[in-house]
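The values are calculated or read from the model by the stated rules, or taken from the named source; none is laboratory data. Treat the numbers as computed from the prediction; the structure is a model and nothing was measured. Cβ placement follows ideal geometry from the backbone for every residue including glycine, while neighbour counts extend to all protein chains displayed. Heads up: the accessible areas ignore ligands, DNA and RNA and are worked out on the full protein's heavy atoms, side chains in. Shrake-Rupley method; radii C 1.70, N 1.55, O 1.52, S 1.80 Å.
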Amino acid sequence: MRPLPAVCLLAALCSALAQPPTSPVVNPRGVINAYTQQPAPSPVAPGGIVWINGINLGPAAGWIADPNSPLPTQALDPPIEVRIGERAIPLYSVTPSRIVAQIPVDTPQGVTQIVVRRGEQQSAPARFTVVQPSPSIATANGLGFGSAGTVSGNALTIRASGLGQTEPPTAPGALPAADTPASPRIPVRAYVGGLPAAVTAQLSNNTPGVFEISVELPPAAQPGDAINLYSGNNAGNRVALNSLAAPRIDYLPFPRAVGNLRALTASDLHPGYLVLTGPRGDDGCWPSLLVDFASKKTADIPGCQTAAAAQLLTPFMASNDGSALAALAGPADGDATTGISSKVTILTPTAEPRDVDLPGKAATLAAGAGGTFNAILPGTPVRIAQIDPATGEVTEPNLGGVGVPGIGGGGGGAVINLNNFEVDLGDGVKELVSAPINLGQNQFGVAAVDSLDTPTKAKFAIVNAQGQPQRTVNFPDGWLPLLSPTQQAPGQGGGMAGPGGPGGPVALPGGGIVVARFRGTALLDAASRQVYLIVRATDKSKDGFLRIPVQAGQASEIHAFADSRFAASCTAQTRTFTLELARRLAVPISPTPETLIRTACGASGFVTLDFATRRLSETNLPGQGQFNVTGNAANDVNDYVYGANTDPAQQGRSDTIYVFDGVTNSAFRLDLPPEISSFANVNAFPAMGILYAQATSRTVGDAGIVVFDLENANARLLPTPAGFASVQPMTIFPATRKLIARGTRTEPAATQFLIYDLVSGDLQIIANPEGVSFVGQAPNAAPQPGQQAQQQPALQNVNPKSNAVTAVGFDAQRRPVGVLLIRSH
């Protein structure tokens, strides 16, 4: 059982003390998916099962629903209910600290509020996220990862929830008719070890809301294989077939010298199936080698594989959530504007390579949904040929017009082509500063000014997909949109980059820094249908929010920050964080109205806007601290906003993590263990609510890996093992909670893979095969006098979906000599 965060328990207790002793109190982070155990805001599919944690939720004796019977929506006397809106939902069990309930299958998607009623007393609401149907798989340890299901012969039986409505339909909390099996309407597919497996799913006749899924194991299945289960194209939690006592290591030496390798492309789901590619030839073809550990073979791929972009390292790509690899078949005939090939080479683990004919010449190839490939056929209009790699079937889906989906907000199906989207809101106001917000019903919200350099007027408008105004609202006197800067502060080094995607960064004329195309910030609170824009007073005395109701006839309002409080605006795009659990918006703040981009953009705290009350509150970092909000230096994990106190003089290293808890509206700092002086390169793993980074004593990574636990507000060290000079973390495997890293030795020079167990703290050092000194990437050779060292390519695939590592091995002379496959335990 996953422990509840101490901070949230304290918050729940404090809330309880302010209420009568029998009032139920739901922990604000206490609603979680019962099977996946994903921390709040926990995603739960319709029909899924949740734990509701708190205090005073029920009597000490507890209560359990009658087995093999439909679930009631009330328990005991006085009655205990769990409600979504005005609707009571089915209950499995009640204890003083936990209620187990089912989310009705027709619950709308999105952030959802839940309350507990006990007689006349009612808890404050807590929130979770209802998502599209997706498998929530029960595991042997009850923690949402590790081994799942039971094996009998060649069949694996898994229990799961969250597969959506059945056929015939089943009411919430009900059992199917004994003589009529109820199967999910959305098809379920499964891969075991990356190989497709036949699967059937039926609603249990014994436990409401639980599906019994039977998977026919492929003949090549083996213990430790990753199980990937999908409802439609939505993946379940990552789990494994049985478990390995230790990692399994395989090695395939190259039968001959392979020369200059530039890229490794591995199957997305099937470990040990990959393509190695050399430099592009003068004929436009990339020489490539197929490596298949199942057959223990390496072989040259016949024919020519090509791409329109000569600078690519490889023409091959892996299917997404599938096992196949593909490339356009050459030689190229044409260019990117006309298409270069009408054939695609498909490689699959269970079949010989095949060429598939397209209905026209493709310019490029992309991974599609559900393990398919999309060949892009240029022209007017652009066409897409979708390829099923299992059958070779090619279809042309109806695109319904090409455009970029509207950004934000609620549905409606309209699209906007941002490449030529223009507005004219009158009075010379025609320069867009916010990305269009999709308001539904073919309407979009936009903000614009009269000049991007020296704005004096601003308006918000609701427009149609062609940019024609339906309603306009003038900004109040004395306020204008806060625009992110376009100029670098002196002495700040290289260029900055804002977020990508529509409305993301565009290059300035003549090069230099990169700025966001839309320099303002506008957001929609869908629940209240209010648009909020970050604004700055024209006298630069303060910042604030401008609230504009979507519905006509309601007044707009400025929600001003305190004097001398400003959004931290020294980044290419102003940072904001939406806090789902508390329905708040958090903005990092600074005492200075910055107008230049800085490498380290400091923030001293947060202003939060409560969408429900429309009130602002301010939270300062402890000890007058500051953290860097530039780029990915600050981020949001499970409604904890974190940032490091990066000092530009320390070359990206930090010694403190600051954390803002979006639920309690409080901030705290996480100091380092005493063995560490600083850390660098922070990554997040939301499934455990942790951050991890290279830990430094004297040089980056020499101390090991520091893990910051956001929920329990502590830090611990995974030390560099004896004999190693440094450690570089790579990723975490969700199916086994193993952190994969690469360690570097100096005497003799070598690298090896390391596997840290995040649950037990154990470390497994993977021995290199005989003749292998370096794994994944050869070190840079010493440069010739007057030349720079040439960066060697990373020839590795560390894959959380397949629970495996594939990497090229190099000898002491940095020559590629074979391929290593590690299956995590």
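Got a sec? What order do T486, T391 fall in by accessible area at 1.4 Å, biggest, i.e. largest, first? Mind showing how you got there, number by number?
Numbers: T486 35, T391 85 Å².
Highest to lowest solvent-accessible surface, that is T391, T486.
So what's region 513-637 giving for Rg/Rh, alpha carbon basis, Kirkwood Rh from the mean inverse pair distance?
Details: Rg = 14.4 Å, Rh = 15.1 Å.
Value, to two decimals: 0.95.
Taking K361 as the anchor, which lysines have their alpha carbon closer than 21 Å to its alpha carbon, excluding any fewer than eight residues away along the same chain?
Filter leaves K343.
Keeping all protein chains in place and using 1.4 angstrom, which order do Y273, Y191 fall into by accessible surface area, from largest down? Don't skip to the answer; put the middle values down first.
Working: Y273 5, Y191 30 Å².
Descending accessible area places them as Y191, Y273.
Compute, for S342, the solvent-accessible surface of its heavy atoms (probe 1.4 Å) with the complete set of protein chains present, and express it in square angstrom to the nearest 10.
The accessible area comes out at roughly 50 Å².
From the phi angles alone, apply the Karplus equation (6.51, -1.76, 1.60; θ = phi - 60°) to region 601-615 and give each ³J(HN,Hα) in whole Hz, x where the residue is Gly or Pro.
9, x, 10, 9, x, 9, 9, 10, 10, 7, 5, 6, 9, 6, 9
Can you check how the C-alpha radius of gyration of region 701-825 compares to 2.2 N^0.38 Å, as a plain ratio? If you can, show how the numbers build up before the last one.
Working: Rg = 15.6 Å, N = 125, 2.2 N^0.38 = 13.8 Å.
So the Cα radius of gyration is 1.13 times the expected 2.2 N^0.38 Å.
Quote to one decimal, in nm, the extra length available between A555 and Q113 on full extension: 0.36 nm per residue of separation minus the C-alpha distance between them. Spell out each step's value before the answer.
Working: separation 442, 0.36 × 442 = 159.12 nm, distance 2.76 nm.
Stretched fully, the A555-Q113 segment lengthens by 156.4 nm.
Could you give the semi-axes, largest first, of the ellipsoid that matches region 78-145, computed as the square roots of 5 times the alpha carbon gyration tensor eigenvalues and rounded to whole Å?
On the way: eigenvalues 102, 57, 21 Å².
They are 23, 17, 10 Å, listed from largest to smallest.
Heavy atoms of the protein only, probe of 1.4 Å, neighbouring chains included. What is the accessible area of V105 in Å², nearest 10?
Spelled out: V105, probe radius 1.4 Å, area about 30 Å².
With every protein chain left in place and a probe of 1.4 Å, what is the accessible surface of M688, to the nearest 10 Å²?
Around 50 Å² of this residue is reachable by solvent.
Please compute the alpha carbon radius of gyration of region 204-327, then divide it by the globular-protein estimate 2.2 N^0.38 Å. Two decimals is fine.
On the way: Rg = 18.8 Å, N = 124, 2.2 N^0.38 = 13.7 Å.
Rounded to two decimals, the normalised Rg is 1.37.
Remind me, what semi-axes does region 26-130 give for its equivalent ellipsoid, largest first in whole Å, using sqrt of 5 times each Cα gyration tensor eigenvalue? Working shown, then result.
Details: eigenvalues 75, 45, 34 Å².
They are 19, 15, 13 Å, listed from largest to smallest.
In debye to the nearest 20, how big a dipole does region 630-725 give about its Cα centre with +1 on each Lys and Arg Cβ and -1 on each Asp and Glu Cβ? Numbers along the way, then the final one.
Values: 4 positive and 10 negative charges, 50 e Å.
It works out to roughly 240 debye.
For region 323-336, in order, what is each residue's ³J(HN,Hα) by Karplus, 6.51 cos²θ - 1.76 cosθ + 1.60 with θ = phi - 60°, in whole Hz (x at glycine and Pro)?
So the Karplus estimates, Gly and Pro as x, are 10, 8, 10, 7, 8, 5, 8, x, x, 5, 9, x, 9, 5 Hz.
What is the sum of charges around H270, taking Lys and Arg as +1, Asp and Glu as -1, for the other residues whose C-beta is under 14 Å from the C-beta of H270? Show your work: numbers first, answer last.
Details: positive: K801, R823; negative: D225, D250, D268, D292, D321.
So the environment of H270 carries a net charge of -3.
Under a point-charge model restricted to the Cβ atoms of Lys and Arg (+1) and Asp and Glu (-1), what is the dipole moment magnitude of region 429-495 relative to its Cα centre, in debye to the nearest 20?
On the way: 4 positive and 4 negative charges, 38 e Å.
The dipole of region 429-495 has a size of about 180 debye.
When the C-alpha atoms of region 110-227 are aligned to their principal axes, what extent does each axis show, in angstrom, from largest down?
58, 34, 23
Heavy atoms only, probe 1.4 Å: what % of the accessible area of region 672-743 goes to carbon and sulfur, would you let me know?
47
Whole number in Å², please: accessible area per residue of region 302-398, 1.4 Å probe, ligands, DNA and RNA not counted. Mind showing how you got there, number by number?
Working: 4300 Å² over 97 residues.
Per residue, region 302-398 has 44 Å² of solvent-accessible surface.
So what's the chain giving for Cα Rg divided by 2.2 N^0.38 Å, two decimals? Please list the in-between numbers first.
Working: Rg = 28.2 Å, N = 825, 2.2 N^0.38 = 28.2 Å.
Cα Rg divided by the expected 2.2 N^0.38 Å: 1.00.
Just need the relative contact order of region 644-750 here, percent rounded to a whole number, with Cα pairs under 8 Å and 6+ apart. Each step should come with its number before you reach the end.
On the way: 223 pairs, mean separation 16.9, N = 107.
With pairs under 8 Å counted, the relative contact order is 16 percent.
Leaving out ligands, DNA and RNA, what percent of the accessible area of region 317-359 is carbon and sulfur, probe 1.4 Å? Walk me through the numbers before you get to the answer.
On the way: 830 of 1780 Å².
Percent of accessible area from carbon and sulfur atoms in region 317-359: 46.
Students often forget the sequence filter, so: which lysines lie under 30 Å Cα-Cα from K542 once same-chain residues fewer than 8 apart are removed?
Those lysines meeting the cut-off are K430, K457, K459.
List the relative contact order of region 568-670 as a percent without decimals, with contacts defined as Cα pairs under 8 Å and 6+ residues apart.
Numbers: 230 pairs, mean separation 23.4, N = 103.
Worked out over region 568-670, it gives 23 percent.
Return a whole-number percent for the relative contact order of the chain, with Cα pairs under 8 Å and 6 or more residues apart as the contact set. Can you show the working numbers first?
On the way: 2256 pairs, mean separation 63.1, N = 825.
So the answer I get is 8 percent.
Taking amide hydrogens as modeled 1.01 Å from N in the peptide plane, which residues meet the under 5 Å criterion relative to A34, leaving out close sequence neighbours?
I49, V50, W51
Once phi is turned into ³J(HN,Hα) by the Karplus curve 6.51 cos²θ - 1.76 cosθ + 1.60 with θ = phi - 60°, what whole-Hz value does each residue of region 239-250 show in order, with x for glycine and proline?
Rounded to whole hertz, the list is 9, 10, 7, 6, 7, 9, 6, 8, x, 9, 10, 10.
So what's the back-of-envelope 222 nm ellipticity for the chain, counting only DSSP H runs of four-plus at -39500 (n - 2.57) apiece and dividing by all residues, rounded to 500? Walk me through the intermediate numbers first.
Numbers: 1 runs with 12 residues, N = 825.
-500 deg cm²/dmol, from helical runs alone.
With +1 on each Lys and Arg Cβ and -1 on each Asp and Glu Cβ, how big is the dipole of region 219-328 about its Cα centre, in debye rounded to the nearest 20?
Here the size comes out at about 220 debye.
Among Q109, T538, L670, which residue has its Cα furthest toward the positive end of the charge dipole of the chain, with +1 on Lys/Arg Cβ and -1 on Asp/Glu Cβ?
It is L670.
Could you calculate, for region 541-584, the ratio of the Cα radius of gyration to the Kirkwood radius, expressed as Rg to Rh?
When Rh is taken as the Kirkwood radius, the ratio is 1.04.
On a 1.4 Å probe surface of the protein chains, which of T95, T350 comes out largest in accessible area, and what is the full order?
Working: T95 50, T350 115 Å².
I get T350, T95, largest accessible area first.
Percentage of Cα-Cα pair distances in region 609-755 greater than 22 Å, rounded to whole percent?
Working: 4552 of 10731 pairs.
Of all Cα-Cα distances in region 609-755, 42 percent exceed 22 Å.
Roughly speaking, what is the centre-to-centre gap between region 330-353 and region 121-151 when only Cα atoms are used, to the nearest Å?
The two parts, judged by their Cα centres, are 42 Å apart.
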